[in-house]
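Structure record follows, encoded as structure tokens.
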Amino acid sequence: MKKIITMLFFLVFSLLTACAYETTDCGKIKDCEYTVVKTEEIPEELQSILEEKKKEPFQLTYTDQGNLYIAQGYGMQVGGGYSICVESLYETKDSIVLKANLLGPQEVTKAKGKTYPYIVIKMEDIEKEINFDSTSSAEQKNKTKSLWLHAGKRRIGYIFLFGGRQT
């Protein structure tokens, strides 16, 4: 009898907890129109930030004159031939979601050089949180924390990566 009462207590507690849990709508509303920005077209201030950050994986946003720039970098990679595939960029009720993946070289090479692959995407500034979904990148397994910096008409967002690195 005591077991049944205990089980009922936990069942009722679980149901009440589940009912009190607030969920957010993660459903896709629409695809976002965007342009992949050529290196020479990246705003100077953003370019200097990218140069500082490129050695480690990063995710950041930058706004300037009504445009939102979303940048994602994959840190130092050995050799060359890497590319970044934008799977999707879409708007949800509460955020903009970027799904991008780093694709490795087509052929295994013994290149000794280093490369720092990153992508910069430009779109109309929609004042929503940006969520990065990089299913094949190492930083997906790390915890992230956002920091927004406001400077005049510009808003710069950084996603700092925490956790162990894969080697």
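The values are calculated or read from the model by the stated rules, or taken from the named source; none is laboratory data. Nothing here was measured: the structure is a model prediction, and the numbers come from that model. Note that each Cβ is placed from the backbone with ideal geometry, even for glycine, and that neighbours are counted across all protein chains shown.
For region 63-71, state whether one or more residues are in contact with a helix residue (DSSP H, G or I) (Cβ under 8 Å, 6 or more places away or on another chain) and aliphatic (A, V, I, L, M). The answer is yes, given that some residue of region 63-71 is in contact with a helix residue (DSSP H, G or I) (Cβ under 8 Å, 6 or more places away or on another chain) and aliphatic (A, V, I, L, M). Of the residues Ser146, Ser136, Ser88, which is hydroxyl-bearing (Ser, Thr, Tyr) and either buried (at least 17 other Cβ atoms within 10 Å of the Cβ) or at pLDDT 70 or above (or both)? So the residue among Ser146, Ser136, Ser88 that is hydroxyl-bearing (Ser, Thr, Tyr) and either buried (at least 17 other Cβ atoms within 10 Å of the Cβ) or at pLDDT 70 or above (or both) is Ser88.
With a requirement of 2 or more residues that are in contact (Cβ under 8 Å) with a residue 60 or more places away in the chain, among the small types (Gly, Ala, Ser) and closer than 25 Å to Gly27 by Cα, none of the strands (runs of 3 or more DSSP E) lying completely within region 40-126 satisfies it. Going by the conditions given, is Glu45 over 14 Å from the mean Cα position of the chain (by Cα), acidic (Asp, Glu), within 21 Å of Ile130 (Cα to Cα) and at pLDDT 90 or above? Criteria met by Glu45. Each residue in region 64-83 was checked for being surrounded by 19 or more Cβ atoms within 10 Å (Cβ to Cβ) and among the β-branched types (Val, Ile, Thr), and 1 pass.
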